[in-house]
């Protein structure tokens with residue numbers, strides 16, 4: 001850039017700190033930094049004098065004390081004798097569990113509803129508009145409570161499954177829907193060799209990862225054939241086979257057994273229990289955020305100008321191909337950034353778990369642990385740190401994806 | 001122009017439009033359009049804005065639906081049958097006022113997309129065809145750039161090359177130079193003239209009267225959804241019959 005005309009010569013005057021563009025921004029930054037430092041100093045002094053006055057001190061050793069409370073929904077071993085740190089870990093895993101589940105289902109709901117809202121079918125598009133408006137305009141806390149209330153009141157108690165005059169029965173004798181939650185069969189492995197190794201699930205995951213690359217290889221192969229001959233071979237059955245066969249063989253070798261839930265005493269035992277609070281929270285977050293995602297998807301598709309569809313159509317491409325090859329690649333640029341915000345919202349809104357007694361990190365560390373130990377500052381600091389880390393990680397991950405699909409221009 | 005006269009027009013019919021009518025809601029956009037285009041013919045359609053000229057050529061490749069009458073392209077009757085629409089669209093190429101290149105694909109990919117997915121041409125062959133036509137519009141060196149990196153005139157020439165890659169027998173142009181700077185108009189018109197000289201059947205909505213004089217063998221004037229007048233360019237410009245045509249010509253040629 002060309003330089004402005006030579007700066008006028010002259011002595012430095014104090015007023016130039018505010019009126020001269022060369023110094024102005026520096027002056028303002030210095031003032032801001034000073035004000036910020038003063039605020040922090042005030043807060044620090046305030047905390048330290050108040051803690052001193054009450055004879056308290058900051059410290060995190062309480063995390064090693066036994067927690068003394070039970071958590072019914074947990075992904076790792078935990079008893080009331082475990083430490084507060086362990087309780088926090090259970091909470092973190094529960095938060096991540098519901099956040100990941102809700103992100104996946106909200107995306108599915110959102111994409112379906114967003115695409116269908118643009119449908120030419122009047123009934124379908126109006127139904128989707130109705131879904132979006134109803135769910136995004138009522139607070140998610142209310143949805144959580146509504147779904148939880150319906151579940152606990154409408155679903156049968158375990159007692160209803162018992163006796164000769166049972167009023168409820170298990171679906172296919174495998175699934176039990178009760179007001180305490182849903183019981184589903186849990187997988188187990190009977191082959192003694194694999195059971196002794198204790199890495200069954202790692203093996204399954206490894207095979208699935210292998211299948212993923214196998215499926216990708218088939219895609220690359222199909223593209224190569226297409227480039228050479230013009231015809232793209234049909235691959236869906238090969239891809240299906242690559243996904244299903246290896247896992248099926250592995251599971252058979254490991255001796256897959258299903259632990260089927262059964263009524264014992266007053267409750268169901270065996271299998272996997274998906275607690276009512278988890279279901280209510282998961283479902284509410286999914287449909288609520290799904291409504292927002294639907295609008296993002298719709299906006300993204302509509303942001304691609306009609307001329308693009310017309311040009312592709314004029315070249316003879318069919319509507320499905322136009323969507324995949326022309327519209328979606330451009331729409332994703334518009335959809336991804338707000339989608340990141342929605343994923344962050346799900347993660348943070350999952351703290352509403354406390355309303356239905358789901359033991360997420362806010363309920364364990366920020367609820368019971370905080371109340372029992374009185375370590376409010378430490379607990380809240382840790383909570384903030386966790387949510388901040390989780391959110392920044394999601395953000396970073398999605399931004400990398402976003403950068404990879406960015407439009408190249410100039 | 002002597003040159004234009006040498007360009008061959010055969011007796012074979014390329015497009016027949018019979019008594020075609022179209023409404024947007026209650027608005028009658030096209031009224032009783034009758035038009036026959038022979039193979040090799042180059043037709044320029046002009047008229048005031050809103051007269052239905054763009055709608056007319058967009059009906060020919062089914063970008064717009066007509067409600068009454070019939071359109072026949074290369075012997076295929078345009079109906080709501082997807083097969084017929086596919087067939088017609090693969091015979092008819094189209095260029096738009098705003099180019100409508102695909103911004104997420106390179107110039108080369110823009111040109112090979114349809115041949116690969118519609119014609120099922122092997123990629124290598126499709127690329128060779130694309131390079132051939134990019135050379136023809138004189139921008140082979142831009143093949144690996146993105147549309148956003150090109151000037152308007154270059155983009156429109158790519159759009160023409162993209163259409164040609166499908167080897168169409170008829171080309172439709174919808175105000176191809178209206179969004180361009182004066183300097184770029186020439187490069188696009190030169191490309192179109194070259195195309196005309198090769199005997200391509202062309203229907204062109206444009207206000208470039210110089211182009212019409214030089215290339216067209218028929219000029220059609222439309223107003224309020226009707227074909228008001230059609231004639232050879234010489235007669236059309238020098239001796240317009242209807243008062244409406246005279247007024248229009250005096251306005252666009254008068255300054």
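Read-outs throughout are calculated quantities, based only on the coordinates presented, and are distinct from any laboratory measurement. Model, not experiment: these values are computed from the prediction. Methodologically, a virtual Cβ is constructed for each residue, glycine included, from the backbone with ideal geometry; neighbour enumeration extends over all protein chains shown.
Structure summary
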{"read-out": "Simple spin-label estimate for residue A:384 and residue A:264 in nanometres, 7 Å along Cα-Cβ", "value": "4.7"}
{"read-out": "Three-way shape call for the stretch B:141-255 based on the alpha-carbon gyration tensor, with the a/c threshold at 1.5", "value": "prolate"}
{"read-out": "Protection proxy ranking, peptides A:118-129, B:42-53, average beta carbon neighbours within 10 Å, highest first", "value": "B:42-53, A:118-129"}
{"read-out": "Angle in degrees between helix B:243-253 and the longest Cα principal axis of chain B, rounded to the nearest 10", "value": "50"}
{"read-out": "Chain A - mean residue ellipticity at 222 nm from DSSP helices (-39,500 (n - 2.57) per run, n ≥ 4, rounded to 500)", "value": "-20500 deg cm²/dmol"}
{"read-out": "Per-residue average of Cβ from other chains inside 10 Å of B:91-104", "value": "5"}
{"read-out": "Cα-based shape type of the stretch B:7-104, given that a ≥ b ≥ c are square roots of the gyration tensor eigenvalues and the cut on a/c is 1.5", "value": "rounded"}
{"read-out": "Cα-based helix-to-principal-axis angle, B:182-197 vs chain B, degrees rounded to 10", "value": "90"}
{"read-out": "Net length gained if the chain between residue A:172 and residue A:252 were fully extended (0.36 nm per residue, minus Cα distance)", "value": "26.6 nm"}
{"read-out": "Least to most buried among B:222, B:166, B:209 (fewest other Cβ within 10 Å first)", "value": "B:209, B:166, B:222"}
{"read-out": "Number of partner chain Cβ atoms within 10 Å, mean per residue of B:115-125", "value": "5"}
{"read-out": "Efficiency of FRET between residue B:237 and residue A:403 - r from beta-carbon atoms, R0 56 angstrom, step 0.05", "value": "0.50"}
{"read-out": "Percent of Cα-Cα distances greater than 46 Å, calculated over the protein assembly as shown", "value": "45"}
{"read-out": "Within 10 Å of each Cβ in B:58-65, the average number of Cβ atoms from other chains", "value": "2"}
{"read-out": "Cα gyration tensor, the stretch A:127-286 - rounded (a/c under 1.5), prolate or oblate", "value": "oblate"}
{"read-out": "Estimated 222 nm signal from helices in chain B, with DSSP H stretches of n ≥ 4 weighted -39500 (n - 2.57), rounded to 500", "value": "-11500 deg cm²/dmol"}
{"read-out": "Estimated FRET transfer efficiency when R0 is 56 angstrom, pair residue A:120-residue A:40 (beta carbons, to 0.05)", "value": "0.45"}
{"read-out": "Length gained when the stretch residue A:213-residue A:142 is fully extended (0.36 nm per residue, less Cα-Cα span)", "value": "21.3 nm"}
{"read-out": "Order of A:159, B:157, A:74 under a 10 Å beta carbon neighbour criterion, fewest first", "value": "A:159, A:74, B:157"}
{"read-out": "Where labels lie 7 Å past Cα in the beta-carbon direction, separation of residue A:83 and residue B:65 in nm", "value": "7.0"}
{"read-out": "Gain on full stretching of the segment that runs from residue A:201 to residue A:303 - 0.36 nm per residue minus C-alpha separation", "value": "32.4 nm"}
{"read-out": "Ordering of B:231-242, A:31-42 by burial proxy (mean other Cβ atoms within 10 Å per residue, highest first)", "value": "B:231-242, A:31-42"}
{"read-out": "Reduced Cα scattering model of the stretch A:352-393, Debye log10 I(q)/I(0), q = 0.24, 0.26 Å⁻¹", "value": "-0.80, -0.88"}
{"read-out": "Principal-axis tilt of helix B:152-164 within chain B, Cα atoms, nearest 10 degrees", "value": "90"}
{"read-out": "Label-zone membership for the stretch B:97-136, site residue B:194, 7 angstrom Cα→C-beta point, backbone N under 15 Å", "value": "B:130-136"}
